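Bear in mind these aren't lab numbers, they're just calculated from the coordinates by the rules spelled out. Computed from a prediction, not measured in an experiment: that's the story for all the values here.
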Amino acid sequence: MIDNLKTRDYEGSRGRWLRLIGIVGGVLLWAACAGGGLAAETKVLDGNPGRGGETLDLKPLLSRDHATVVDFYSPYCPPCVQVAPLLDELAKRKPETVFVKLNINRPQVRGIDWKSPLTQQYRLKSVPYFMIFKPEGKLAAEGPEAQKIIIDWLQKAELLPKSGK
């Protein structure tokens, strides 16, 4: 399934995330004004509850039956915080995909924890950082390539407007 996904050439990563942040803000404002909100229940799994920043093996977190998206994030990363509701909604619309969030921050660290064991283990240089695994556990995409796939999924789910290109 992931092999069949088409990705397009999007503008640079920084511009893409800035655009995404603006869109997320607009969606949240619309939801608040409409008296509703994004769904309260999430299908995104917390892969390291209470153990943020510690090294871990991804293998036990991967679904054997479905594709798995791993989202490395920091609670101090504005794009991470703002994209989280979109990923929650996407998870509801893509039941064939498992979403796992991994907090890179150790509990005592304020700000993005670039020195955490988890950050070092996966050599993360930016967050949010995504990895997409096939059901058999093979890595299908990561980094900018995975980000493009997720943006495509968000657009197909009508959670983001289609690119003007």
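Some observations on this one:
- Couplings 3J(HN,Hα) for segment 73-86, derived from phi with the Karplus relation 6.51 cos²θ - 1.76 cosθ + 1.60 (θ = phi - 60°), are 9, 10, x, 9, 9, x, x, 4, 5, 6, 7, 3, x, 5 Hz, where x marks Gly and Pro.
- Under a 5 Å amide H cut-off, with hydrogens placed 1.01 Å from N, residue 46 pairs with 101 among residues at least 5 apart or on other chains.
- Cross-link pairs beyond the 20 Å C-alpha cut-off, checked among 115/148; 101/138; 125/162; 92/138; 92/156: 115/148; 125/162; 92/138
- For segment 108-121, 3J(HN,Hα) computed residue by residue from phi via the Karplus equation (6.51, -1.76, 1.60; θ = phi - 60°) reads 7, 9, 9, x, 5, 8, 6, 9, 5, x, 5, 4, 5, 4 Hz, glycine and proline entered as x.
- Length available on full extension from residue 136 to residue 61: 0.36 nm per residue minus the Cα-Cα distance, which gives 25.8 nm.
- Amide H contacts of residue 122 (H built 1.01 Å from N, under 5 Å, at least 5 apart or other chain): none
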